[in-house]
1. Scanning region 145-176 for residues that are modelled with pLDDT under 90 and assigned to a helix (DSSP H, G or I), which turns out surrounded by the most Cβ atoms within 10 Å (Cβ to Cβ)?
2. With the structure loaded, tell me whether ARG233 is charged (D, E, K, R) and surrounded by 15 or more Cβ atoms within 10 Å (Cβ to Cβ) or whether it fails that test.
3. Give the residue, chosen from ASP79, ASP102, that is of a type in the set (Asp, Glu), without any contact (Cβ under 8 Å) to a residue 24 or more places away in the chain and assigned by the TED database to the domain that holds LEU46.
4. Considering only region 51-73, state which residues are farther than 19 Å from PHE153 by Cβ and in contact (Cβ under 8 Å) with a residue 40 or more places away in the chain.
5. Yes or no: ARG228 part of a helix (DSSP H, G or I), at pLDDT 85 or above, touching a helix residue (DSSP H, G or I) at 6+ places or on another chain (Cβ under 9 Å) and not small (Gly, Ala, Ser)?
6. With the structure loaded, tell me whether VAL161 is under 25 Å from ALA132 (Cβ atoms), touching a His at 6+ places or on another chain (Cβ under 7 Å) and in contact (Cβ under 8 Å) with a residue 24 or more places away in the chain or whether it fails that test.
7. Can you name the number of the only condition in (1) surrounded by 13 or more Cβ atoms within 10 Å (Cβ to Cβ); (2) under 30 Å from GLY131 (Cα atoms) that GLY181 fails?
8. Can you name the residue in region 186-214 that is under 19 Å from the mean Cα position of the chain (by Cα) and at pLDDT 90 or above and is also surrounded by the fewest Cβ atoms within 10 Å (Cβ to Cβ) among such residues?
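The values are calculated or read from the model by the stated rules, or taken from the named source; none is laboratory data. Remember, it's a predicted structure, so these values are computed and weren't measured experimentally. Cβ placement follows ideal geometry from the backbone for every residue including glycine, while neighbour counts extend to all protein chains displayed.
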Amino acid sequence: MIHGLSSDLPTFKSLTFRPGLNILLADKSAGATDRQSRNGAGKTSLVELIHFLFGANAGKDSIFRSSALVGHTFEARVDVGTTLVDVARSGAKPSRVVIQGDAASWPIPPSLDVKTGDQIISNENWRSVLGALMFGLNADSDGDENVRYRPSFRSLFSYFVRRQNSDGFLSPTQQSSKQQGWDQQVAISFLLGLDAAVPQQFQEVRTRERAMGELRKAAKDGATEQRRLAALREAQDRSARAYELADRRYRAGSIGWLDVLVAQSDLLAARASHAASLRQLSLARVDLFKALGGGWSIDGAHLSERSAK
């Protein structure tokens, strides 16, 4: 439960919550009509603040990193498991969360900042702690199978603190219009007490099928380009022989210089096509390496003509 929200920002209105239903009201000025909005009263900002204090990312475009708020700290008094703690975070240092209270029993306890005496936990570990103590998730992702598609604290939490700006109220099974389908399936299954491993495994299968499709395409593209390269190499050799013959005939006086220029132009065009095909083959091999799950570097992407053969 969230017991309260506060800040050292002078204009911030501290909030206190009690057990049961809490309703946030925005005052309406005397004489205001039904067409006048209560926008700017802080309702949306309150939701964003709760997300901020509960592990949301705070990128450069975050309101808490704006010039008006970056120098201020926001706090929440909240039950984490069976412990009542005060949680503080600021836009100036969004990667760390300050904890006041007994957190020794947490799966990832905070560490002591010897300079300030504060208990500090990284925002990433803070999310892991919240996931473990609020939803029973595994705080140690290294020991969890199907880590890529497991339920996460941030995804589950967003069903309970929905953002209007993310279209969080359009569908009961979707907390954001940008939420991926597999994440919806995993989250809803978990929250309903169903076996979330089933949609996880389905997504794993879909991912492998997509990877196999990309692998087949990369292999096919590479083979096609290999054949095209061989044909262009033969065309280049023919153009080279034609140019040499034209040059000899010109020196013998049997043809004019224009004929030599045409033969030379054909040779340059053949060389350009061959070089372009060699580049495409290199790119196809890079795609194949990626599809196989391997890495690549700029140096590794440069293939000689001999290796292309």
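1. Once the filter is applied, the top-ranked residue is TYR149.
2. The answer is yes for ARG233.
3. ASP102 is the lone residue from the list that is of a type in the set (Asp, Glu), without any contact (Cβ under 8 Å) to a residue 24 or more places away in the chain and assigned by the TED database to the domain that holds LEU46.
4. LEU69, HIS72, THR73
5. Considered against the rule, which asks whether it is part of a helix (DSSP H, G or I), at pLDDT 85 or above, touching a helix residue (DSSP H, G or I) at 6+ places or on another chain (Cβ under 9 Å) and not small (Gly, Ala, Ser), ARG228 comes out as yes.
6. yes
7. All conditions pass for GLY181, except number (1).
8. My answer is ALA187.
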